[in-house]
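Peer 1: My structure is below; once you've seen it, I'll send some questions.
The values are calculated or read from the model by the stated rules, or taken from the named source; none is laboratory data. Since this is a predicted model, take the numbers as computed values, not measurements. Note that each Cβ is placed from the backbone with ideal geometry, even for glycine, and that neighbours are counted across all protein chains shown. Areas reflect the complete protein model, heavy atoms only, side chains present, ligands, DNA and RNA absent. Shrake-Rupley method; radii C 1.70, N 1.55, O 1.52, S 1.80 Å.
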Amino acid sequence: MANSSRAPGRSRRLRTALVVSAAVGLLATAGAVVLPGSASAASTLGASAAERGRYFGTAVAVSRLNDSAYTTILNREFNQVTAENEMKIDALQPNQGQFNYGNGDRLVQHARSQGMLVRGHTLAWHAQQPGWMQNMSGTTLRNAMLNHVTQVATHYRGQIEWWDVVNEAFADGSSGARRDSNLQRTGNDWIEAAFRAARQADPNADLCYNDYNIDNWNDAKTQAVYRMVQDFKNRGVPIDCVGLQSHFTGGSNYPSNYRTTLSSFAALGVDVHITELDIRNAPSDAYRNVVNDCIAVARCKGITVWGIRDSDSWRSSESPLLFNSSGQKKPAYDAVLTALNNGTTPPTGNPTTPPPTGNPTTPPPSSGCTATVTPGQVWGDRYNTSVTVSGASTWSVVVAITAPQKISSTWSGSPTWDSSGNVMTMRSNGSGNTFGFTTMMNGNSSARPQIRSCTAG
Ligand code: XIL
């Protein structure tokens, strides 16, 4: 998720190498299925988004990780997670100077074990402050806020793809003003101070401003956030992305100019993310429109829904999510998956040449199973590969990549890596016999992955 707005030194390759070696591959998710003789049509949200160069994520309540019905859907469908509450200020620093990372760390561990990307939410916010912070003001509060940003971003350094550095700092309505809060009263520069502290603490995380009611391009609040981001870019304040929460209250609240909003922010040189999507009664058309708009804007990096089942939702009485309370897919789920699978605009450049001809692999040594490579979609900077295993239902397949190419995302398996980051061992994880991965070319467009072995069991 590197981007061209990075400060010098925050290169895409550096970041890709860092993420791959620190974690177990990005974007692992289940269910990519390659149909013979046709373009691949993925069967899960995450796999389909990955084929579009994007993620599809969800808010996670850490306490629900004990609910196997919940984690089954989570692990099958999603390749990105945001802590619903566990990385907020009151959760992480309940008493001043006493940090409690237990639940946040649990989520990061789970995400790692599944190859999911993590969005950190949120470093500075007027809400869900611990009591000690609510009672503070002035320089004392400013310093406490900056210390929180520094401590937390340092703790999670290297494990967070994007931080919501500041959340909800603008007022609703027509004023276009900042929201009044104890943080705002420390001085108008509190937002940029938070971004600078976050950049210093974790130079490799992308730093986002996140808000709601900034979906309609004509709204004063949208325009005010736009001007702030424009000002930050002009003055070199480190900002990489804008998050649109997109809590919609009904089909009509999806604004017809949503795509304009996304592309207008993107034109400032920041990525855009749809960070907390839920829509009252989950109308299929509004969900479909949101997906189509994100796919149409190259810098829209992905979509996060704010919970899995309606019963998990903070607005559960509105049934706004993609799965019903029994964990079954709702019509909006099918609309989203179809829109993702139909999406044709690649994130950068156009689909280019077919993969180089020639045998993509040497015949792999077989030890109770056989791994067969199917080349997938190719973009200007990356390509997908599927591997189908036959002869065993549990297996591990060793795949070697030629440097400087790097695997940037995987799905439908549990990957581990050697120290070079160029040899991946993919183990079956119960999501079938076909796994897949995306490889960044990094300047070498001809090399293709080699299967080194397939081992049953
Ligand atoms: C919500 C959570 O979903 C609830 O569990 C909690 O009680 C309140 O916060 N905007 C945000 C999220 O940025 O952090 C909020 O999450 C929803 C609105």
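Peer 1: Taking the simple approach of a point 7 Å from Cα along Cα-to-Cβ for both Thr416 and Thr154, what is their distance in nm?
Peer 2: 3.2
Peer 1: While we're looking at this one, here's another question. Take the Cα atoms of the chain, build their convex hull, and give its volume per residue in Å³.
Peer 2: So the per-residue Cα hull volume is 135 Å³.
Peer 1: Tell me, what is the percent relative contact order of the chain, built from C-alpha pairs under 8 Å that lie six or more residues apart? Please report the intermediate quantities before stating the final value.
Peer 2: Working: 1075 pairs, mean separation 74.6, N = 457.
Worked out over the chain, it gives 16 percent.
Peer 1: Which of the aspartates and glutamates could be linked to Lys406 by a straight reach, that is with a Cα gap under 18 Å, when you skip same-chain ones fewer than 8 residues away?
Peer 2: Partners within reach: Glu51, Glu161, Asp381, Asp418.
Peer 1: Taking Cα pairs under 8 Å and at least six residues apart, what relative contact order does region 49-131 come out at, in percent? Spell out each step's value before the answer.
Peer 2: Values: 109 pairs, mean separation 27.3, N = 83.
For region 49-131, the relative contact order is 33 percent.
Peer 1: Whenever you get a sec, compute what percent of the accessible area on region 128-246 sits on carbon and sulfur atoms (1.4 Å probe).
Peer 2: 41
Peer 1: Treating the angle as unsigned and between 0 and 90°, give the value, to the nearest 10°, between the Cα long axis of helix 258-267 and the longest Cα principal axis of the chain.
Peer 2: Tilt of helix 258-267: around 90 degrees.
Peer 1: Of the chymotrypsin sites (Phe, Trp or Tyr not before Pro) in region 245-302, which ones lie in a loop per DSSP and count no more than 10 other C-beta atoms within 10 Å? Present the calculation step by step, with values, prior to reporting the outcome.
Peer 2: Details: sites: Phe248, Tyr258, Phe265, Tyr287; in loops: none.
Here no loop site has a sparse enough neighbourhood.
Peer 1: Separate question: Rounding to the nearest 20 debye, state how big the charge dipole of the chain is about its Cα centre with +1 on each Lys and Arg Cβ and -1 on each Asp and Glu Cβ. Before the final figure, lay out the partial values.
Peer 2: Details: 38 positive and 32 negative charges, 202 e Å.
The dipole magnitude comes to about 960 debye.
Peer 1: Can you run phi through the Karplus equation (6.51, -1.76, 1.60; θ = phi - 60°) for region 387-402 and list ³J(HN,Hα) in whole Hz, with x for Gly and Pro?
Peer 2: Karplus values, whole Hz, x for Gly and Pro: 10, 10, 9, 10, x, 7, 9, 10, 7, 9, 10, 9, 10, 10, 10, 8.
Peer 1: If you average 1/r over all unlike Cα pairs in region 148-297 and invert the result, what Kirkwood radius do you get in angstrom?
Peer 2: Taking every pair of different Cα atoms in region 148-297, averaging 1/r and inverting gives 15.9 Å.
Peer 1: Would you please give the residues with an amide H less than 5 Å from that of Ala171, counting only those at least 5 places away or on a separate chain, with H modeled from the backbone geometry?
Peer 2: Under 5 Å from the amide H of Ala171: Ala177, Arg178, Arg179.
Peer 1: For Lys233, give me every one of the lysines with a C-alpha distance below 16 angstrom, ignoring sequence neighbours fewer than eight places off in its own chain.
Peer 2: none
Peer 1: Whole number in Å², please: accessible area per residue of the chain, 1.4 Å probe, ligands, DNA and RNA not counted.
Peer 2: Per-residue accessible area for the chain comes out at 36 Å².
Peer 1: Here is a further query. Residues with amide H under 5 Å of Trp417's amide H, sequence separation 5 or more or different chain, H placed in the peptide plane at 1.01 Å from N; which?
Peer 2: When sequence neighbours closer than 5 places are left aside, the close amide H contacts are Thr425.
Peer 1: Let me ask another. Relative to the first principal axis of the alpha-carbon coordinates of the chain, what is the inclination of helix 12-22, with its axis defined by its Cα atoms, in degrees from 0 to 90 and to the nearest 10?
Peer 2: Long axis of 12-22 versus the principal axis of the chain: about 80 degrees.
Peer 1: A further question on this structure: Kindly write out, for region 186-198 in residue order, the coupling ³J(HN,Hα) from the Karplus curve 6.51 cos²θ - 1.76 cosθ + 1.60 (θ = phi - 60°), rounded to whole Hz, with x marking Gly and Pro.
Peer 2: Result, ordered by residue: 7, x, 4, 8, 5, 5, 5, 4, 5, 4, 5, 5, 5 Hz.
Peer 1: Further question: List the residues whose amide H sits under 5 Å from the amide H of Thr304, counting only those 5 or more places along or on another chain, with H placed 1.01 Å from N in the peptide plane.
Peer 2: The list, which skips near neighbours in sequence, is Gly57, Ile274, Thr275, Glu276, Leu277.
Peer 1: Let me ask another. Give the calculated FRET efficiency between Ala403 and Thr139 to the nearest 0.05, with a Förster radius of 51 Å applied to their Cβ-Cβ distance. All intermediate terms of the calculation are to be shown ahead of the outcome.
Peer 2: Values: r = 50 Å, r/R0 = 0.97.
The value I calculate is 0.55.
Peer 1: Mind jotting down the distance between the C-alpha centroids of region 170-230 and region 253-296, whole Å?
Peer 2: So the two Cα centres are separated by 19 Å.
Peer 1: With everything on Cα atoms, drop me the angle between helix 102-114 and the longest principal axis of the chain, reported from 0 to 90° to the nearest 10.
Peer 2: Long axis of 102-114 versus the principal axis of the chain: about 30 degrees.
Peer 1: Sticking with this one: What are the ³J(HN,Hα) values, in whole Hz, obtained from phi via the Karplus relation 6.51 cos²θ - 1.76 cosθ + 1.60 with θ = phi - 60°, for each residue of region 411-419 in sequence order, with x given for Gly and Pro?
Peer 2: 8, 6, x, 10, x, 10, 10, 7, 5
Peer 1: Still on this structure, I have one more. Multiply the residue gap between Arg315 and Ser63 by 0.36 nm, knock off their C-alpha separation, and tell me the result in nm, one decimal place.
Peer 2: Going from the current span to full extension adds 88.9 nm.
Peer 1: On to the next question. Please give the peptides 74-82, 444-452 ranked by average Cβ packing (other Cβ atoms within 10 Å per residue), highest first, as a rough proxy for protection.
Peer 2: Working: 74-82: 25.4, 444-452: 16.8.
Sorting 74-82, 444-452 by mean packing, highest first, produces 74-82, 444-452.
Peer 1: Ok, one more. Loop only by DSSP, 10 or fewer other Cβ within 10 Å of the Cβ. Give me the chymotrypsin sites (Phe, Trp or Tyr not before Pro) in region 89-159 that pass, ordered by residue number. Show your work: numbers first, answer last.
Peer 2: Details: sites: Phe99, Tyr101, Trp125, Trp132, Tyr156; in loops: Phe99, Tyr101, Tyr156.
Sites meeting the loop and neighbour criteria: none at all.
Peer 1: Sticking with this structure for a sec: For the pair Ser181/Arg112, report the inter-label distance in nm, with labels modelled 7 Å from Cα in the Cβ direction.
Peer 2: With each label placed 7 Å out from Cα toward Cβ, I get 3.0 nm.
Peer 1: If you don't mind, there's one more thing I want to ask. Just for the chain, what percent of DSSP beta bridges are antiparallel, to the closest 5?
Peer 2: If I count the DSSP bridges inside the chain, around 50 percent turn out antiparallel.
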